[in-house]
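Shown next, in structure tokens, is the structure this report addresses.
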Amino acid sequence: MTQMSKREKDETIKYVTLGCARGGKAQNQTSNVSKPRPTSKTDCKAMMNVLLKNEKLCNREVSESVKRALDTNDEAGIWMNKSFQALITDAGGFENVPFGEKDCRNYIDKARHLRLGKGGAQVVLDYFRRMQYKNDSFYGIMDLDDDDRMRNMFWADARSRGAYNYFGDVVTFDTTYLTNRYGMSFAPFVGVNHHGQSILLGAGLISSEDTESFIWLFKTWLDCIDGKAPTTIITDQDRAMKNVIAIVFLNTRHRYCLWHVLHKVPEKLGADCQYKCGLESKLLSCVYDSLTIEKFELGWNVLITMYNLQENGW
């Protein structure tokens, strides 16, 4: 579907933003909140900016030469509107520029995430070298872009690598914990030891939570643990993460984090009056207090029966 468009004075299309038809959130049009109407809206973020050029729609992208100019101007403190106006002047007019100011801003926002400040990447590399000199089992590696700016990094000390041999059967991976001052997400691999305590099995910093970054991080961690993939890995419901796990960890079971699953329950059932009248406590008891498959199935059947009886007014 067309999300946005801009036209010339003669009403011909100049450029458009195309988005997924499932984008956005559905507006409930029914007064009965307990029985919302079905919807195809999933808040999908997929989109593409295209420019009409020579009667063809072309993807609006920022060339490498323009990226270098934007980087130079941004580091010099030149505001984006002035930097973009200079690009238009050099190109001989807006019609000769296959991108917009928003595209330039999006690029600079991402580029800033990759900057560590003067000498920052070298400082991290020197630290990794010192740690490896102190202990051969320390593992540290960085992923650089074509301009030698750091995109991602991963490290694991000797204790983490040793602990994986004993407690690496079930691993959790979560990037929602925090970000550093450069906008890079902290990505820890965590296990549970024989005392029920969380134990770090390796960690990374990634500049973007996309397929490329996850592939690099997971393959790097797999190399760090000598190719011995975990039996089970638990994550949130990120689609890119799910796809990469299927590619890198071929025989690993992927499970969604219980917290993220239960976090959706009030959103789906909170409007139902039965939810606060016994269903919530029964559901949580079924999830947390079932120590066997049989007990869970029994509790789930009781829960469904209870809901059906209340739904029919018994």
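Summary table
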| quantity | calculated |
| --- | --- |
| Lone unmet requirement of (1) modelled with pLDDT of 95 or more; (2) at positive phi for residue 183 | (1) |
| Test set (1) in contact (Cβ under 8 Å) with a residue 24 or more places away in the chain; (2) under 19 Å from residue 254 (Cα atoms); (3) loosely packed, with under 15 Cβ neighbours inside 10 Å; (4) not hydrophobic (A, V, I, L, M, F, W, C) - residue 194 fails condition number | (2) |
| Candidate set: segment 230-264, residues that are in contact with a strand residue (DSSP E or B) (Cβ under 7 Å, 6 or more places away or on another chain) and among the basic types (Lys, Arg); chosen: the one nearest to residue 186 (Cα to Cα) | 242 |
| Residue selected from segment 230-255 under the condition among the polar types (S, T, N, Q) and outside any helix (DSSP H, G or I), by the criterion farthest from residue 160 (Cα to Cα) | 237 |
| Qualifying residue in segment 214-222 (condition: touching a residue at least 40 places away in the same chain (Cβ under 8 Å), assigned by TED's automatic domain parsing to the domain that holds residue 170, touching a Leu at 6+ places or on another chain (Cβ under 9 Å) and within 15 Å of residue 159 (Cα to Cα)) | yes |
| Residues within segment 270-286 that are over 16 Å from residue 301 (Cβ atoms), surrounded by 15 or more Cβ atoms within 10 Å (Cβ to Cβ) and modelled with pLDDT of 75 or more, tallied | 1 |
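Here's the yes/no breakdown for (1) modelled with pLDDT under 75; (2) part of a loop (DSSP other than H, G, I, E, B):
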{"position": "23", "(1), (2)": "no, yes"}
{"position": "26", "(1), (2)": "yes, yes"}
{"position": "34", "(1), (2)": "yes, yes"}
{"position": "44", "(1), (2)": "no, yes"}
{"position": "70", "(1), (2)": "no, no"}
{"position": "82", "(1), (2)": "no, no"}
{"position": "90", "(1), (2)": "no, no"}
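The values are calculated or read from the model by the stated rules, or taken from the named source; none is laboratory data. Quick caveat: nothing in here was measured; it's all calculated off a predicted structure. Cβ atoms come from the backbone with ideal geometry, glycine included; neighbour counts cover every protein chain shown.
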